[in-house]
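Below you'll find the structure, written out as structure tokens, and then a few comments.
The values are calculated or read from the model by the stated rules, or taken from the named source; none is laboratory data. Not measured: the values here are computed from a predicted model. Glycine gets a Cβ as well: all are built from the backbone with ideal geometry, and neighbour counts include every protein chain shown.
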Amino acid sequence: MTDDVQQKAYADQITALVQGFVQVWTKFEAMLHDELARRQDRLEGTQPESEPHAYTNYGLFYRVSSSMRGKDNVTMGELSSALSVPLSTGTRMVDWLVSSGYAQRLPDVEDRRVVRVALTDSGRELHRTIESYTSERVQQILFCLTPEEQATLFALIRKVVAALKGIA
């Protein structure tokens with residue numbers, strides 16, 4: 001095969017892989033929404049048919065809450081930086097989290113110009129629920145691989161993540 005043909009075949013494989021990930025992610029998000037609605041209904045003691053749930057962007061919530069994970073609170077600047085978004089976009093994200101009851105704004109004790117953000121109990125619980133659900137689904141998916149294949153996959157993913165961090 002010529003280099004051009006090999007490069008084209010490689011590019012086609014990458015495109016197929018990315019498209020496959022996008023399709024799987026779309027399905028995963030839909031399943032996540034349904035499962036979280038069921039889990040929330042059980043926690044609240046209501047029936048799923050009693051009232052339709054407004055669509056919550058769990059992917060966005062998880063992205064923001066993961067950036068806040070392990071910290072009591074973060075500044076808007078820290079959060080925007082961690083998410084790689086402009087401050088105005090970070091502010092809109094936090095507005096949504098606050099109005100949904102997942103986060104709260106707090107004053108900074110040392111500098112009143114600084115706004116801090118922290119997850120509420122509800123936000124922390126939703127984050128834990130998403131992590132639990134995601135872990136369960138990934139374990140189900142990885143069941144088709146041997147332990148050795150899983151170890152290889154994890155090592156390769158860590159390498160790719162490191163490379164992606166180097167690009168950004």
(message) Condition first: of a type outside the set (S, T, Y) and either outside the structural domain of Y102 (by TED's automatic domain parsing) or over 20 Å from E29 (Cα atoms) (or both). Now tell me which residues in the stretch 119-132 satisfy that.
(response) L119, D121
(message) With the structure loaded, tell me whether A82 is among the hydrophobic types (A, V, I, L, M, F, W, C), exposed (fewer than 14 other Cβ atoms within 10 Å of the Cβ) and out of contact with any Leu (no Cβ under 6 Å at 6 or more places or on another chain) or whether it fails that test.
(response) no
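Taking the stretch 68-89 as the region of interest, how many residues are among the hydrophobic types (A, V, I, L, M, F, W, C) and out of contact with any Gly (no Cβ under 8 Å at 6 or more places or on another chain)? Before you say what the answer is, go through the steps one by one.
Narrowing the stretch 68-89 to residues among the hydrophobic types (A, V, I, L, M, F, W, C): 68, 74, 76, 79, 82-83, 85, 87.
Filter once more, so that each one left must be out of contact with any Gly (no Cβ under 8 Å at 6 or more places or on another chain): 68, 74, 82, 85.
Count: 4.
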(request) Please go through the stretch 133-151 and pick out each residue that is at pLDDT 90 or above and either of a type in the set (F, W, Y) or over 23 Å from F28 (Cβ atoms) (or both). (result) F143, T146, P147, E148, A151
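With respect to R158, determine if the residue is without any contact (Cβ under 8 Å) to a residue 60 or more places away in the chain, surrounded by 14 or more Cβ atoms within 10 Å (Cβ to Cβ) and not aromatic (F, W, Y). Can you show your working first?
On the way: without any contact (Cβ under 8 Å) to a residue 60 or more places away in the chain: yes; surrounded by 14 or more Cβ atoms within 10 Å (Cβ to Cβ): no; not aromatic (F, W, Y): yes.
When the stated conditions are applied, R158 does not pass them.
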(message) Within the stretch 147-155, does at least one residue satisfy the condition of being in a helix (DSSP H, G or I), touching a residue at least 12 places away in the same chain (Cβ under 8 Å), of a type in the set (S, T, Y) and surrounded by 11 or more Cβ atoms within 10 Å (Cβ to Cβ)?
(response) no
(message) I need a count of the residues in the stretch 131-144 that are surrounded by 13 or more Cβ atoms within 10 Å (Cβ to Cβ) and either without any contact (Cβ under 8 Å) to a residue 12 or more places away in the chain or charged (D, E, K, R) (or both).
(response) 3
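Each row is one residue, and each column tells you yes or no for (1) in the same structural domain as L164 (by TED's automatic domain parsing); (2) modelled with pLDDT of 80 or more; (3) under 20 Å from I141 (Cβ atoms).
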residue	(1), (2), (3)
W25	no, no, yes
A37	no, no, no
D72	yes, yes, no
S84	yes, yes, no
L87	yes, yes, no
V109	yes, yes, no
